[in-house]
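Report on the following structure.
The values are calculated or read from the model by the stated rules, or taken from the named source; none is laboratory data. The shown structure was predicted, so the numbers you read here are calculated from the model rather than taken from an experiment. Neighbour counts are summed over all protein chains in view; Cβ atoms, including those assigned to glycine, are modelled from backbone coordinates with ideal geometry.
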Amino acid sequence: MSPVDDSVKGMAERVKTGQISAQSLVSSCFQYIRQVEPKVHALLAHDEELAMEKARALDRLPLSERRELRLAGIPLVVKDNLVTEDLDTTAGSRILEGFRSPYTASVVKRAEEQGAIVVAKSNLDEFGMGSSTEHSVYGPTMNPWDFSRVPGGSSGGSAAAVAAGMAPLALGSDTGGSIRQPAAFCGIVGIKPTYGRVSRYGLIAYASSLDQVGPLARTVEDTALLLQVISGHDPLDATSAQMPVPDYLAQLDRPLQGLRVGVPREYFGDGIDANVKMVVEDVLERLKQEGVSMVEIDMPHTQYAVAAYYLLAPAEASSNLSRFDGVRYGLRVPAGDLRTLYQRTRAQGMGDEVRRRVLLGTHVLSAGYYDQYYVRAQKVRALIRRDFERAFEQVDLVVTPSAPELPFALGSRADDPMKMYLSDICTVTANLAGLPALSVPAGFESGLPVGIQWIGPAWSEDLLLRVGRMVERVVVRPPWPKL
């Protein structure tokens with residue numbers, strides 16, 4: 001049995017009061033990782049002795065100091081595109097193999113300052129580019145509910161680790177759905193905060209205007225607790241907003257009378273698997289019985305979202321990934337001149353999907369194509385944002401499936417990038433509009449998890465979490481997978 005089946009709040013409380021030690025919690029976590037990780041392959045770097053040292057240091061603290069720590073002794077998995085001083089950071093790429101950062105990402109530091117203990121870095125699609133965690137130089141991660149299927153991506157390692165019980169909490173990043181889609185595929189909770197709510201300092205950038213860091217956990221309460229810890233302004237991140245952070249936990253059980261939810265026709269039509277649609281609609285019927293009003297709405301520019309996203313995100317990636325040149329850090333393939341050094345290093349160090357997106361992004365930014373593609377995509381982005389603004393004049397939240405399908409088979413889309421890109425059809429709009437979005441388990445179909453996504457106005461994470469809590473009350477979930 002997983003050593004982290006209790007709530008995060010409950011485990012931390014027992015560490016704070018001395019009922020259990022952080023050492024015993026972390027040690028049992030590593031014992032379970034050794035048992036389960038070979039089946040799931042969710043993790044990359046880890047240092048058990050270092051984690052145990054940190055646990056021992058926490059146990060030596062006086063109880064009065066431990067009581068101030070929200071995450072006292074809680075094992076945490078960190079997606080391997082968040083830099084850490086004491087563990088390698090590879091972003092799932094050969095070009096960063098063996099790279100050790102001179103500093104630690106702000107979100108990781110904030111979690112550690114509240115008593116969390118990083119037990120491992122998690123596998124991911126290379127540089128966050130993928131929807132299945134198959135595009136990693138270190139091999140794919142398996143879905144804990146069915147090892148023949150993908151866990152989603154790109155934060156699939158983080159999601160699979162939590163679903164498998166290797167850690168109660170994980171950090172992921174979300175550029176077009178990379179927290180919410182794997183959360184749905186693995187039957188857990190994941191939230192992409194409002195752009196600017198959580199610091200991006202120390203996140204290896206994929207698309208800077210879209211990327212956000214967020215938590216993954218087994219319950220809404222655990223998610224709210226980690227979000228509370230990592231949220232807030234960071235002077236090291238120029239895109240970090242100076243907005244007050246509500247007490248998410250204190251508001252979780254506030255009533256939701258009069259809640260109006262928009263149900264966009266565009267997210268429940270063609271392209272959505274009939275079984276997924278059935279599970280999500282069943283949840284909506286149950287919520288109606290709880291007094292939630294459902295309002296059919298139109299979001300007409302949704303049909304252009306994937307096309308706009310796959311122009312804008314690669315364009316930003318083309319710029320951001322230019323720093324990986326073999327000169328300053330990471331892989332270097334020797335050559336007689338600088339241009340050849342760049343070419344050889346990137347050709348050998350970057351995988352097919354990364355090269356595909358960098359080439360696409362460079363093309364859409366080039367002379368003669370910038371206005372035709374990039375500028376048009378930005379205009380579509382503005383129209384999608386306007387769709388949400390109009391929706392929120394009528395309703396409080398928008399609901400959609402988290403993913404258009406059930407977890408698909410490993411390798412089934414390896415030769416079909418377009419079909420893989422369409423996995424993001426439900427999630428990319430929230431990133432394009434900079435809005436917060438939460439995925440919560442909606443139920444199961446054929447033994448596989450289905451997620452329901454809630455999108456809210458900017459800075460409405462507290463409302464999203466309250467709705468997620470309500471969904472948990474109306475959805476009966478099976479036991480966690482026995483691994």
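Listed residues Gly18, Gly73; which is part of a loop (DSSP other than H, G, I, E, B), touching a residue at least 24 places away in the same chain (Cβ under 8 Å), small (Gly, Ala, Ser) and surrounded by fewer than 20 Cβ atoms within 10 Å (Cβ to Cβ)? Walk me through it before giving the result.
Numbers: Gly73 fails: surrounded by fewer than 20 Cβ atoms within 10 Å (Cβ to Cβ).
Exactly one of Gly18, Gly73 is part of a loop (DSSP other than H, G, I, E, B), touching a residue at least 24 places away in the same chain (Cβ under 8 Å), small (Gly, Ala, Ser) and surrounded by fewer than 20 Cβ atoms within 10 Å (Cβ to Cβ), namely Gly18.
How about the stretch 391-414: which of its residues are more than 24 Å from the chain's Cα centre (by Cα) and surrounded by 15 or more Cβ atoms within 10 Å (Cβ to Cβ)?
Let us first name the residues in the stretch 391-414 that are more than 24 Å from the chain's Cα centre (by Cα), namely 391-395.
Passing the criteria: Ala391, Phe392, Val395.
So which residues in the stretch 357-416 are part of a helix (DSSP H, G or I) and among the polar types (S, T, N, Q)?
Across the stretch 357-416, the qualifying residues are Thr362, Gln372, Gln378, Gln394.
Kindly check whether there is at least one residue in the stretch 191-205 that is surrounded by fewer than 24 Cβ atoms within 10 Å (Cβ to Cβ), among the aliphatic types (A, V, I, L, M) and not in a strand (DSSP E or B).
Within the stretch 191-205 (the criterion being surrounded by fewer than 24 Cβ atoms within 10 Å (Cβ to Cβ), among the aliphatic types (A, V, I, L, M) and not in a strand (DSSP E or B)), the answer is yes, since at least one residue qualifies.
Does the stretch 115-146 hold any residues that are outside any loop (DSSP other than H, G, I, E, B) and out of contact with any Cys (no Cβ under 7 Å at 6 or more places or on another chain), and which are they? Write out each step before concluding.
We begin by selecting, within the stretch 115-146, every residue outside any loop (DSSP other than H, G, I, E, B); these are 117-122, 126-128, 143, 146.
Result: Ile117, Val118, Ala120, Lys121, Ser122, Glu126, Phe127, Gly128, Asp146.
Exactly one of these conditions fails for Leu321: (1) assigned to a loop (DSSP other than H, G, I, E, B); (2) within 26 Å of Val306 (Cβ to Cβ). Give me its number.
(1)
Any residue at all in the stretch 263-276 that is at negative phi and in a strand (DSSP E or B)? Give the derivation first.
Initially, the stretch 263-276 is screened for residues at negative phi, giving 263-270, 272-276.
So of that shortlist, the ones also in a strand (DSSP E or B) come out as 263-264.
Within the stretch 263-276, one or more residues are at negative phi and in a strand (DSSP E or B).
Please go through the stretch 88-114 and pick out each residue that is part of a loop (DSSP other than H, G, I, E, B) and either among the hydrophobic types (A, V, I, L, M, F, W, C) or surrounded by fewer than 24 Cβ atoms within 10 Å (Cβ to Cβ) (or both). First the steps, then the outcome.
Going through the stretch 88-114, the residues part of a loop (DSSP other than H, G, I, E, B) turn out to be 88-93, 97-105, 114.
Listed by number, the residues that qualify are Asp88, Ala91, Glu97, Gly98, Phe99, Arg100, Ser101, Pro102, Tyr103, Thr104, Ala105, Gln114.
A quick yes/no check of all residues on (1) closer than 30 Å to Val118 by Cβ; (2) modelled with pLDDT of 95 or more:
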| position | (1), (2) |
| --- | --- |
| Ala217 | yes, yes |
| Ala224 | yes, yes |
| Thr239 | yes, yes |
| Met243 | yes, yes |
| Leu249 | yes, yes |
| Arg254 | no, no |
| Arg265 | no, yes |
| Asp273 | no, yes |
| Lys277 | no, yes |
